[in-house]
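Right, one structure below, let's go through it.
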Amino acid sequence: MFKTVTAETMRAIDSHMINEIGIPSLVLMENAAGAVCRAVLEAAATRGAGTAILCGIGNNGGDGLALLRQLAMNGVSAAAYIVGDASHMSDDCKTQLNIALRLGLNCIFVDESYDFHAFSDFDIIVDAIFGTGLKREINGAARKAIDAANDSAAFKISIDIPSGIDSDLGLIRGVAFRADETVAIQYKKRGHLLFPGREYSGNVRVAKIGLSASDIDERITERELEFSDVKALLPPRRQDTHKGCNGKALLIAGSDDLTGAAVMSTRAALRSGAGLLKVFTAAGAAAVLRACLPEAMVSVGTADCWATFDKSQLEGLIGWCDCIAIGPGIGHGHAVADMLSLVISCGKPLIIDADGLNALARQGSSALHENVLLTPHLGEMSRLCAKPMESIKAEQLAHAAAYAKKTRANVLLKGATSIIVSPDGRVTYNTSGNPALAKGGSGDMLTGIILALCGQIGDVYDSACAGSFILGQSADTALDILNERFIIAGDVTDAVQLFS
């Protein structure tokens, strides 16, 4: 598990380490510089060692000036380029500058008139201009320095977070340093995970620079998924297990015109270990499912494309199953709203996707509960919240968390970085996967995977976390075999691997 923090939380952690634990701030700065020094030395081993350090006048700049000294101690030729008004320099940054000047190290104050094209002569450029507190647009000498660094062929390293990336939103504040590698201090920040900040951060390594009390760490409710987290969520299968031990899942999917979504969801659920799976579908989709996937038990719920449905039949299936998913390919028939109300009211773990979400947006969310998982993409989230797409895109976490709190349901907001939020405030980020998933059918597969896992794990939030990671990891596995442009949904399903 990679814990993730906001800028405010990181300030509180810094304050705790300094004021409560008693670690001097200059010691923390020295530790941060040491971690970045190691990254520079590793890069220098293959790329050359000539290093430029772009420094601001805050503590991030102080890290850069401490780095200048540590590189000199390791025999690396480096120069620090300082942007900003020296009269406003932080105390720790000023201390580091004075040490560097007394040692005769190369410190250059620059303004907008400086010829930043000189950066093209360096092998490595380190960004230490702005830290996690940046909330304004970058301009002046800092903007010119960042533009010139981005234009150079040098290997680029950021300290903590690339300058210009909003630490909490991942947005670009006018311009941003495009790092090949970022050394995150103490914890990853949201901006390392949310786009476009994730793209600008490059490879992120976390450097611990001090210790804080365990209760501080325990209050961090955001995390990024890793392999070990997902493996721990999946229960081992005993040698004497049988199909009844591995979940009885009900999938409501497909219509006469939209058979593919039902097939892909069903196939993914079967591939992901559902013990027993019943599909409640339309007559046209049923014929296709029976031909393609004999492992699934198919029940015909309508012969008129969901204008009506067999309520008693669905009630019997609800009574039989452990968990339910509704939505892939069911269309917009009049009966969809009634089916949705019925499965919500049963109280069992429920995944609502695709056309189920569209129906929910039309009829309202007042009946949702903590056993419900919603799996919208940005457009569906926009419809659920009745807010413009650009607003949702700019503050994805805020909107997903607000909706989860309002409705008491769990939300998996799908994207290049998926965000899973619970009504009680837990936040999990999934960064597995690749652009091959940006195709029709990926959401249908995700629904099937989560449904199968819910039958085995029981908890919808944990199932959403595991399912999101497994879909992305499967796409990564498929990418090892097929170019991302050639992958289709079925290739990813074929690559689904649960962790034994």
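The values are calculated or read from the model by the stated rules, or taken from the named source; none is laboratory data. Quick caveat, the model's predicted, so the values are computed rather than measured. Note that we place each Cβ from the backbone using ideal geometry, even for glycine, and neighbour counts take in every protein chain shown. The accessibility values were calculated without ligands, DNA or RNA, using every heavy atom of the protein model including side chains. Shrake-Rupley method; radii C 1.70, N 1.55, O 1.52, S 1.80 Å.
Rank-order 207-219, 147-159, 50-62, 286-298 by packing density, defined as the average count of other C-beta atoms within 10 Å over each peptide's residues, highest first. All intermediate terms of the calculation are to be shown ahead of the outcome.
On the way: 207-219: 13.5, 147-159: 21.6, 50-62: 25.9, 286-298: 16.1.
Descending mean neighbour count gives 50-62, 147-159, 286-298, 207-219.
Let me make sure I get this right: for the range 188-232, a, b and c are the square roots of the gyration tensor eigenvalues over alpha carbons, sorted descending. Under 1.5 in a/c it's rounded, otherwise prolate if a/b > b/c, else oblate. Which is it?
Details: a/c = 1.94, a/b = 1.33, b/c = 1.46.
It comes out oblate by the Cα gyration axes.
Working only with C-alpha atoms, what are the Rg and Dmax values of the range 383-444, expressed in angstrom?
Using the Cα atoms of the range 383-444, the pair Rg, Dmax is 12.1, 33 Å.
Under a Cβ-Cβ cut-off of 9 Å, what is the net charge of the residues other than R178 that fall near it, where Lys and Arg count +1 and Asp and Glu count -1? Walk me through the intermediate numbers first.
Numbers: positive: K156; negative: D180, E199.
Within the 9 Å Cβ shell, the charges total -1.
Any idea what angle helix 396-407 forms with the longest principal axis of the chain, computed on alpha-carbon atoms, 0 to 90 degrees, nearest 10?
40 degrees
With +1 assigned to the C-beta of every Lys and Arg and -1 to the C-beta of every Asp and Glu, and no other charges, what is the dipole magnitude of the range 351-450 about the Cα centre in debye, to the nearest 20? Don't jump to the answer; show the numbers that get you there.
Working: 10 positive and 8 negative charges, 37 e Å.
In debye, rounded to 20, the range 351-450 gives about 180.
Using only the Cα atoms of the range 86-143, construct the convex hull and provide its projected area averaged over every direction, in square nanometres to one decimal.
Seen from a random direction, the Cα hull of the range 86-143 projects 5.4 nm² on average.
Between rounded, prolate and oblate, where does the range 259-344 land on the alpha carbon gyration tensor, with a ≥ b ≥ c its root eigenvalues, rounded for a/c under 1.5, else prolate if a/b exceeds b/c? Working shown, then result.
Working: a/c = 1.72, a/b = 1.26, b/c = 1.36.
Taking the square roots of the gyration eigenvalues as a ≥ b ≥ c, the range 259-344 is oblate.
Could you check the spin-label model distance between L211 and K94? Points 7 Å from the Cα along Cα→Cβ, value in nm.
3.3 nm
Can you compute the charge dipole magnitude of the range 105-152 about its Cα centre, using +1 on each Lys and Arg Cβ and -1 on each Asp and Glu Cβ, nothing else charged? Give it in debye, rounded to the nearest 20. Let's see the in-between values first.
Details: 4 positive and 9 negative charges, 64 e Å.
About 300 debye.
Over every pair of different alpha-carbon atoms in the range 29-181, take the mean of 1/r and invert it; report that Kirkwood radius in Å. Mind dumping the intermediate values first?
On the way: mean 1/r = 0.0669 Å⁻¹.
Answer for the range 29-181: a Kirkwood hydrodynamic radius of 14.9 Å.
Largest first and in whole Å, what are the equivalent-ellipsoid semi-axes of the range 367-498 based on the Cα gyration tensor, each being the root of 5 times an eigenvalue?
Numbers: eigenvalues 126, 61, 24 Å².
Largest first, the range 367-498 gives 25, 17, 11 Å.
Which peptide among 262-268, 12-18 comes first, and what is the full order, when sorted by highest mean count of other Cβ atoms within 10 Å? Intermediate results must be reported in sequence, preceding the final value.
Numbers: 262-268: 29.4, 12-18: 17.6.
Answer by packing, highest mean first, reads 262-268, 12-18.
Quantify how much of the Cα-Cα distance distribution of the range 220-304 extends past 16 Å, in percent. All intermediate terms of the calculation are to be shown ahead of the outcome.
Working: 2086 of 3570 pairs.
Within the range 220-304, distances greater than 16 Å cover 58 percent of Cα pairs.
Structure shown: which of K278/K311; K156/K387; K189/K414 lie over 26 Å apart, alpha-carbon to alpha-carbon?
Details: K278/K311 16 Å; K156/K387 38 Å; K189/K414 19 Å.
As for pairs spanning more than 26 Å Cα to Cα, those are K156/K387.
Report, in degrees rounded to the nearest 10, the 0 to 90 angle that the Cα long axis of helix 91-102 makes with the longest principal axis of the chain.
Result, in degrees: 50.
Out of every Cα pair in the range 295-435, what percent are spaced more than 26 Å from each other?
Values: 2500 of 9870 pairs.
Roughly 25 percent, rounded to a whole number.
Can you pull the Kirkwood radius for the range 165-315, inverse mean 1/r over Cα pairs, to one decimal in Å? Write down the numbers at each step before the final one.
Numbers: mean 1/r = 0.0502 Å⁻¹.
Evaluated on the range 165-315, it is 19.9 Å.
How many Å² of accessible area per residue for the chain, probe 1.4 Å?
Numbers: 20100 Å² over 500 residues.
Computed with neighbouring chains in place, this is 40 Å² per residue.
Could you check how many percent of all C-alpha pairs in the range 422-463 are farther apart than 12 Å? Can you show the working numbers first?
On the way: 598 of 861 pairs.
Result for the distance tail: 69 percent.
Send over the semi-axes of the range 352-398's equivalent ellipsoid, whole angstrom and largest first, taken as the square roots of 5 times the C-alpha gyration tensor eigenvalues. Mind dumping the intermediate values first?
Details: eigenvalues 67, 26, 19 Å².
In descending order the semi-axes read 18, 11, 10 Å.
Dipole size in debye (nearest 20) for the chain around its Cα centre, Lys and Arg Cβ +1, Asp and Glu Cβ -1?
620 debye
Using Stokes-Einstein with the Kirkwood hydrodynamic radius over Cα pairs, what translational diffusion coefficient do you get for the range 309-366 at 10 °C and a viscosity of 1.306 mPa s, in µm²/s rounded to a whole number?
Diffusion coefficient, whole number: 138 µm²/s.
Can you work out D for the chain in µm² s⁻¹ from Stokes-Einstein, where Rh is the Kirkwood radius over C-alpha pairs, the temperature is 25 °C and the viscosity is 0.890 mPa s? Provide the component values of the computation, followed by the final result.
Details: Rh = 24.6 Å.
For the chosen part, D equals 100 µm²/s.
Can you tell me the mean projection area, over all orientations, of the convex hull of the range 103-199's alpha carbons? Units nm², please. Show your work: numbers first, answer last.
Values: hull surface 26.7 nm².
Answer in nm², one decimal: 6.7.
Roughly speaking, to the nearest percent, how much of the range 319-389's 1.4 Å accessible area is carbon and sulfur?
Working: 1310 of 2480 Å².
Using a 1.4 Å probe with all protein chains present, the range 319-389 comes out at 53 percent carbon and sulfur.
Could you tell me the ratio Rg/Rh of the range 280-319? Both radii from Cα atoms, Rh via Kirkwood. Show your work: numbers first, answer last.
Numbers: Rg = 10.4 Å, Rh = 10.5 Å.
Ratio of gyration radius to Kirkwood radius for the range 280-319: 0.99.
Helix 140-151: angle to the longest alpha-carbon principal axis of the chain, degrees 0 to 90, nearest 10?
The angle comes out near 70 degrees.
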